Ligand SMILES: NC(=O)c1ccc[n+]([C@@H]2O[C@H](COP(=O)([O-])OP(=O)(O)OC[C@H]3O[C@@H](n4cnc5c(N)ncnc54)[C@H](O)[C@@H]3O)[C@@H](O)[C@H]2O)c1
């Protein structure tokens, strides 16, 4: 589906991979770029940078009503929703047995509520709007890109919650694509390796160096624009559907 004049919603759009996606879709002529994020400061700054055709709607996507309201605001402003890129997530380190004993259930729940339920909440809010679109070429009405992680396959020690949430998105991809395919909505998941975003801000610099050593080539962090270009390729090429693609330079995450 062409990007020009169409409307994209990006959860987690205020930062990192999501922000790069908002910028690229704006450059390619999107008619509306809806940024859904918790981060008021970054969300408002990006909307101001992108101008008239961008809109920041603050929401904690773990709250279904807040996700509904944010999508409704964006759909009202731009008149439709064609693309949904679900980037919002948290890391939330979690070992089964920590210093204080078995993991607190609230800790596990929090990651699942944001990364898995949050994605579901955005899908519930946005997909019905895609189904209202007049069919474009091939009968296409919309495209969903969910963002998983290499951790879905090689989760590191301390990632039981994060890896479980990201593997759930991989599992959801095929049944969702099968369900929505007859109505012209495609669903694709991207599992990035290591990308240079604020998610690494709190980690020691040596961590990124250790991680990229596990790549085949290139042995560097991915750039957020490289993710955004892939999201645009998925959005515009109708043959991408029902799959999870790893975007990682052949990276194998070390055990941790
Ligand atoms: N950067 C990487 O190396 C990498 C690797 C694998 C997967 N990923 C995945 O890519 C996606 C984007 O990551 P990033 O690196 O750009 O991270 P980031 O931290 O730069 O951006 C994530 C954004 O999500 C927002 N967010 C967090 N919780 C939220 C909530 N409850 N409601 C609304 N917004 C919320 C944050 O405010 C932030 O703006 C995530 O799903 C992440 O798990 C990233």
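The values are calculated or read from the model by the stated rules, or taken from the named source; none is laboratory data. Because the structure is a prediction, the values reported are computed rather than measured. A quick note on method: Cβ atoms are made from the backbone with ideal geometry, for glycine too, and the neighbour counts reach across all protein chains shown.
Can you tell me which residues in region 1-35 are away from the ligand (no atom under 16 Å from the Cβ), in a helix (DSSP H, G or I) and closer than 21 Å to residue 88 by Cβ? Correct list: 26 only.
Is it the case that region 85-96 has a residue that's assigned to a helix (DSSP H, G or I), within 11 Å of the ligand (Cβ to nearest atom) and modelled with pLDDT of 95 or more?
No: region 85-96 contains no residue that is assigned to a helix (DSSP H, G or I), within 11 Å of the ligand (Cβ to nearest atom) and modelled with pLDDT of 95 or more.
Going residue by residue through region 126-149, is there one that turns out to be touching a residue at least 60 places away in the same chain (Cβ under 8 Å), more than 20 Å from residue 62 (Cα to Cα), more than 19 Å from the chain's Cα centre (by Cα) and not in a helix (DSSP H, G or I)? The answer is yes; a qualifying residue exists.
Annotation: residue 156 fulfils all but one of (1) assigned to a loop (DSSP other than H, G, I, E, B); (2) closer than 24 Å to residue 237 by Cα; (3) over 19 Å from the mean Cα position of the chain (by Cα); the unmet one is (2). The residues of region 167-191 that are within 14 Å of the ligand (Cβ to nearest atom), outside any helix (DSSP H, G or I) and more than 17 Å from residue 84 (Cβ to Cβ) amount to a single one, 191. Condition check for residue 250 on (1) surrounded by 13 or more Cβ atoms within 10 Å (Cβ to Cβ); (2) more than 11 Å from the ligand (Cβ to nearest atom); (3) assigned to a loop (DSSP other than H, G, I, E, B): one failure, at (1).
Of the residues making up region 218-229, those that are surrounded by fewer than 20 Cβ atoms within 10 Å (Cβ to Cβ) and not in a loop (DSSP other than H, G, I, E, B) are 225, 226, 229. Only residues that are assigned to a helix (DSSP H, G or I), more than 14 Å from the ligand (Cβ to nearest atom) and either touching a residue at least 40 places away in the same chain (Cβ under 8 Å) or buried (at least 21 other Cβ atoms within 10 Å of the Cβ) (or both) were counted in region 51-77, giving 3.
Matching residues to (1) outside any helix (DSSP H, G or I); (2) in contact (Cβ under 8 Å) with a residue 12 or more places away in the chain:
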residue: 203; (1), (2): yes, no
residue: 209; (1), (2): no, no
residue: 216; (1), (2): yes, yes
residue: 231; (1), (2): no, yes
residue: 240; (1), (2): yes, yes
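Only residues that are more than 17 Å from residue 170 (Cα to Cα) and out of contact with any helix residue (DSSP H, G or I) (no Cβ under 7 Å at 6 or more places or on another chain): list them for region 108-123, please.
From region 108-123, those more than 17 Å from residue 170 (Cα to Cα) are 108-110; that's our starting set.
Scanning region 108-123 gives 109, 110.
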